[in-house]
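Participant: Just dropping this structure here.
The values are calculated or read from the model by the stated rules, or taken from the named source; none is laboratory data. All values derive from a computational prediction rather than experimental measurement. Positions of Cβ are backbone-derived with ideal geometry, glycine not excepted, and every protein chain shown enters the neighbour counts. What goes into the accessible areas is simple: the full protein's heavy atoms, side chains included, and nothing from ligands, DNA or RNA. Shrake-Rupley method; radii C 1.70, N 1.55, O 1.52, S 1.80 Å.
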Amino acid sequence: MPRRPARSPAAPVVAALVAGSLVVVGAEVGAAYAVRSALDHRAYVTELRLDAALETFRPVERPGLASPADPATFGPDQNPRTDPAACAPLSVLTTTSPVDGRSWTGASGRPLQPVTLLVVRFDDAATARAELDRKRLALLRCRRVAITFPPYDGPPTTYTVEDRLRPTTAAGPVVRWSLVGGDRRFDFYVRRYANTLTWTYADDVSTPQVREEVADSLVTRLQDLAHR
């Protein structure tokens, strides 16, 4: 009978090393998820804390005006229609129904410029994170979008998606992009904190830097209240 080739004495060692590496990697991933889950739980934004932050954060000396936003206003029958449909995350704040939401209007900058924020709360941070990831994916897919605005009785407007591949958009809590069509440009800024998304955009009525500073001020206030 033909002799079987001798088994390398190193083979069991290599197999053990591979198995051990997989166990270590699995443990590290599990630990990372556990830490993230603990941080998300600690930072969770309640309705009360969101209201308190909106009433007490101060981008300028004058307070703005906060008001409830009905979750139904974020539904597909209230939002712009986007073609291709996969690009919808670029024209709406959320494609998932939130628990609740708030709008804030005020002014900031020198000279003062009007700023509007929309903030929505989800059941958990994972849902908010997934919504932000949908925007990242849409930015990879979409170069041009056709948007029809409510009440949907007019022709769609075609926009080019600009600033799609910013390095800061690839990861982290912030996504930025612009929609440009004809003589109009809309600059969008979305920031996630825990189970919330804060969204601000406008055309030429204010500068992106001022709007972003206001949104960041709100998140900073939410973080401050989390430690009290």
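Participant: Kindly check whether there is at least one residue in the range 89-103 that is within 23 Å of Val175 (Cβ to Cβ), assigned to a helix (DSSP H, G or I) and not charged (D, E, K, R). Even if it seems obvious, please write down each step before you answer.
Facilitator: Residues of the range 89-103 that are within 23 Å of Val175 (Cβ to Cβ), as a first pass: 89-103.
From what is left, the residues that are assigned to a helix (DSSP H, G or I) are 89-90.
The next check asks that each one be not charged (D, E, K, R); those that pass are 89-90.
Yes, there is a match, as at least one residue in the range 89-103 is within 23 Å of Val175 (Cβ to Cβ), assigned to a helix (DSSP H, G or I) and not charged (D, E, K, R).
Participant: When you check Thr96 against the structure, is it surrounded by 17 or more Cβ atoms within 10 Å (Cβ to Cβ), modelled with pLDDT of 85 or more and under 19 Å from the mean Cα position of the chain (by Cα), yes or no? Explain how you work it out, then say what you get.
Facilitator: Numbers: surrounded by 17 or more Cβ atoms within 10 Å (Cβ to Cβ): no; modelled with pLDDT of 85 or more: yes; under 19 Å from the mean Cα position of the chain (by Cα): yes.
The answer is no for Thr96.
Participant: Among (1) open to solvent by 60 Å² or more (accessible area, probe 1.4 Å); (2) among the β-branched types (Val, Ile, Thr); (3) modelled with pLDDT of 65 or more; (4) more than 30 Å from Gly109 (Cα to Cα), there is one condition Thr73 misses while meeting the rest; what is its number?
Facilitator: (4)
Participant: Please list, ordered by first then second residue, the pairs with beta carbon atoms under 8 Å, 6 or more apart or interchain, first in the range 43-58 and under 11 Å from Arg102 (Cβ atoms) and free of Cβ contacts under 8 Å to residues at least 12 places away in the same chain, second open to solvent by less than 60 Å² (accessible area, probe 1.4 Å) and outside any helix (DSSP H, G or I).
Facilitator: Sorted first by the residue in the range 43-58, then by its partner, the pairs are Glu55/Ala66.
Participant: Taking only the range 119-167 into account, find how many residues are touching a residue at least 40 places away in the same chain (Cβ under 8 Å) and on the phi > 0 side of the Ramachandran plot. Give the derivation first.
Facilitator: Narrowing the range 119-167 to residues touching a residue at least 40 places away in the same chain (Cβ under 8 Å): 119-129, 131-132, 134-135, 137-139, 141-142, 145-150, 152, 156, 161.
Those left that are additionally on the phi > 0 side of the Ramachandran plot: 152.
Total satisfying the criteria: 1.
Participant: Mind listing whichever residues of the range 114-132 are open to solvent by less than 30 Å² (accessible area, probe 1.4 Å) and in a strand (DSSP E or B)?
Facilitator: Going residue by residue through the range 114-132, those that are open to solvent by less than 30 Å² (accessible area, probe 1.4 Å) are 115, 117, 119-122, 125, 128, 131-132.
Within the range 114-132, Val115, Leu117, Val119, Val120, Arg121 meet the criteria.
Participant: Would you check which residues across the range 133-149 are outside any helix (DSSP H, G or I) and more than 19 Å from Arg185 (Cα to Cα) and list them? Step through it out loud before you land on a result.
Facilitator: Our first condition is that a residue be outside any helix (DSSP H, G or I); within the range 133-149, this holds for 142-149.
None - no residue of the range 133-149 is outside any helix (DSSP H, G or I) and more than 19 Å from Arg185 (Cα to Cα), so the list stays empty.
Participant: Would you confirm, using the coordinates I've provided, whether Ser178 is among the polar types (S, T, N, Q), part of a loop (DSSP other than H, G, I, E, B) and surrounded by fewer than 19 Cβ atoms within 10 Å (Cβ to Cβ)?
Facilitator: Values: among the polar types (S, T, N, Q): yes; part of a loop (DSSP other than H, G, I, E, B): no; surrounded by fewer than 19 Cβ atoms within 10 Å (Cβ to Cβ): yes.
It is false that Ser178 is among the polar types (S, T, N, Q), part of a loop (DSSP other than H, G, I, E, B) and surrounded by fewer than 19 Cβ atoms within 10 Å (Cβ to Cβ).
Participant: Residues that are at pLDDT below 95, of a type in the set (A, V, I, L, M), closer than 26 Å to Ser206 by Cα and open to solvent by 20 Å² or more (accessible area, probe 1.4 Å): does the range 133-140 have at least one?
Facilitator: Scanning the range 133-140, I find no residue that is at pLDDT below 95, of a type in the set (A, V, I, L, M), closer than 26 Å to Ser206 by Cα and open to solvent by 20 Å² or more (accessible area, probe 1.4 Å), so the answer is no.
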